[in-house]
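Asks: I'd like to ask you about the structure that follows.
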Amino acid sequence: MFADILRLSIKDLFTPKFIALSILPLVFSALIIAAIAMFGGRELYEALNAAVSGEAGALAEYPMAAKILSLGIAKWLIGAIFYAVGVYLVVMLSIFCALAVAGFLTPVVAREINRRHYRVDEAQLANVSLARQTALMGQILLKFFLIALICLPILAVPALNFLALHPAFFYLYYSLLFIDVAPNALSRHKFELYLLDYGGYKFKAAALCFYLLCLVPIFGLFLQVFFVIYFSHFFFLRETSRLT
């Protein structure tokens, strides 16, 4: 099933309309990253230097620690950690910015997929109200912060710290994808059914594959519309058959 939907989605992606739509998240996210680099980079560097200097001053009673912090290698290590975390957060921000831009395009994408392949009556689709979507997003964000807080201690474990926040970000990613795409491809009844576990394990397995692709920035920026195409097929197939 995954391979069949993937093949169909790739075929749809490489059409002029969807290629043009795929460029929009890439352009907007690239502009955001450029703005952060241009206007935020210098301020972050100055803040880092101020923090290191302040920390060294605060440790005046401990000359050995102050001397270590004043060394170039210590500043370089602190800076490397600081910028590694910064780059990680910028990458995640760019991915979710691209996902947000793709979200505005989801009705267009789903409608085109429906027109080409399924011919489902749009009047029967869930089309969840803005108030309901806002409430669902509030619940998702609350759970995201709780998962992130639970995962924070893992940052102190050397071999696992680079994985620490991925469970929280993955939860946020697949949950937002679900409430973005599913209402445009499922009837009200099936949307409420799938909402009970946010798409089921097959949806989450596919979302995990796409989330891992997103960790390569160019894929995360360019392929968001492709992911919407894939999940439009995924849900339309479930709407038009007894697949689960």
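The values are calculated or read from the model by the stated rules, or taken from the named source; none is laboratory data. Since this is a predicted model, take the numbers as computed values, not measurements. A quick note on method: Cβ atoms are made from the backbone with ideal geometry, for glycine too, and the neighbour counts reach across all protein chains shown. Accessible surface is based on the protein model in full, side chains and every heavy atom, while ligands, DNA and RNA are left aside. Shrake-Rupley method; radii C 1.70, N 1.55, O 1.52, S 1.80 Å.
Asks: Using the structure shown, decide if residue 140 is open to solvent by 80 Å² or more (accessible area, probe 1.4 Å), assigned to a helix (DSSP H, G or I) and more than 30 Å from residue 15 (Cα to Cα).
Replies: Judged against the criteria, residue 140 is not a match.
Asks: Another question, if that's okay. State yes or no: is residue 149 at pLDDT 90 or above and either part of a helix (DSSP H, G or I) or among the aromatic types (Phe, Trp, Tyr) (or both)?
Replies: Yes: the conditions hold for residue 149.
Asks: Additional query: Test each condition in (1) assigned to a helix (DSSP H, G or I); (2) crowded, with 19+ Cβ neighbours inside 10 Å; (3) over 14 Å from the mean Cα position of the chain (by Cα) for residue 177 and report the one that comes out false.
Replies: Answer for residue 177: the failing condition is (3).
Asks: Under the condition of being open to solvent by less than 60 Å² (accessible area, probe 1.4 Å) and not β-branched (Val, Ile, Thr), which residue from the stretch 218-228 is nearest to residue 10 (Cα to Cα)?
Replies: Among them, the one singled out is 226.
Asks: Right, something else. In the stretch 152-174, what residues are under 21 Å from the mean Cα position of the chain (by Cα) and outside any helix (DSSP H, G or I)?
Replies: Listed by number, the residues that qualify are 160, 164, 165.
Asks: A further question on this structure: Give 161, 184 a once-over and let me know the one that is modelled with pLDDT under 95 and buried (at least 23 other Cβ atoms within 10 Å of the Cβ).
Replies: The match here is 184.
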